[in-house]
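Below you'll find the structure, written out as structure tokens, and then a few comments.
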């Protein structure tokens, strides 16, 4: 009898432990079949080079899909490529967070090329969040997020520890600043904003 009880407790602990792990995220499986991958040939507004010091840009094939990639960021001190991904930009944000793949992804630079991107988990297993507009410096990440327990978009921070991003917590700026996508350089904060006098919104103007 005791052995049966111990075995049952072991199985319950095993099931509980598995339930606390994040599910494997395959972003390719979530992309609708009616979407077409953008290529330079299909670009109606291709980039125009004004200097011979630059080469024509080419898609980063392992990152670029028929889904939506945005907010690309390569930290100065890390061999990593961070970006936001959602499989269908036509879907409203409140539904995107239900698909299991919308959020921040990361690809590492190894042997002269980038690896297959992996989801950067910034929420507990089983809880919903949609993360993006990331900035990474040293062992700290700042990112915007919509998540359980909060209303609207907020800024959070995370710490790199034991080979993963953890200790995420609220890091909102003064609401009067209306901080959009950002970059920090020499202890100065540069960001997009909807404030009067700006060029456009929080992710497309200054």
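Some values worked out for this structure:
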{"item": "Only one of 52, 70 that is modelled with pLDDT under 95 and either part of a strand (DSSP E or B) or under 25 Å from residue 182 (Cα atoms) (or both)", "result": "70"}
{"item": "Failed criterion for residue 129 (all others in (1) farther than 16 Å from residue 85 by Cα; (2) at pLDDT below 95; (3) in contact with a strand residue (DSSP E or B) (Cβ under 8 Å, 6 or more places away or on another chain) hold)", "result": "(1)"}
{"item": "Residue 77 more than 14 Å from the chain's Cα centre (by Cα) and either touching a residue at least 60 places away in the same chain (Cβ under 8 Å) or not in a strand (DSSP E or B) (or both)", "result": "yes"}
{"item": "Failed criterion for residue 195 (all others in (1) in contact with a helix residue (DSSP H, G or I) (Cβ under 8 Å, 6 or more places away or on another chain); (2) under 22 Å from residue 98 (Cα atoms) hold)", "result": "(2)"}
{"item": "Residue that is farthest from residue 110 (Cα to Cα) [pool: residues in region 44-71 that are in contact with a strand residue (DSSP E or B) (Cβ under 8 Å, 6 or more places away or on another chain) and loosely packed, with under 14 Cβ neighbours inside 10 Å]", "result": "70"}
{"item": "Of all residues making up region 1-19, the number that are surrounded by 10 or more Cβ atoms within 10 Å (Cβ to Cβ) and either at pLDDT 50 or above or part of a loop (DSSP other than H, G, I, E, B) (or both)", "result": "0"}
{"item": "Residue 127 part of a strand (DSSP E or B) and without any contact (Cβ under 8 Å) to a residue 24 or more places away in the chain", "result": "no"}
{"item": "Verdict on residue 122 being part of a loop (DSSP other than H, G, I, E, B) and under 18 Å from residue 156 (Cα atoms)", "result": "yes"}
{"item": "Meets criteria (within 16 Å of the chain's Cα centre (by Cα), closer than 18 Å to residue 24 by Cα and at pLDDT 95 or above) for residue 155", "result": "no"}
{"item": "Options 46, 32, 23; residue that is under 31 Å from the mean Cα position of the chain (by Cα) and at pLDDT 90 or above", "result": "32"}
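Listed here are the residues, each with its yes/no results for (1) touching a strand residue (DSSP E or B) at 6+ places or on another chain (Cβ under 8 Å); (2) outside any loop (DSSP other than H, G, I, E, B).
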| site | (1), (2) |
| --- | --- |
| 91 | no, no |
| 101 | yes, no |
| 145 | yes, yes |
| 152 | yes, no |
| 155 | yes, yes |
| 159 | yes, yes |
| 176 | no, yes |
| 183 | yes, yes |
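The values are calculated or read from the model by the stated rules, or taken from the named source; none is laboratory data. Small disclaimer: the values here were computed from a predicted structure and weren't measured. Because the Cβ atoms are built from the backbone with ideal geometry, glycine has one as well, and the counts that use them run over all protein chains shown.
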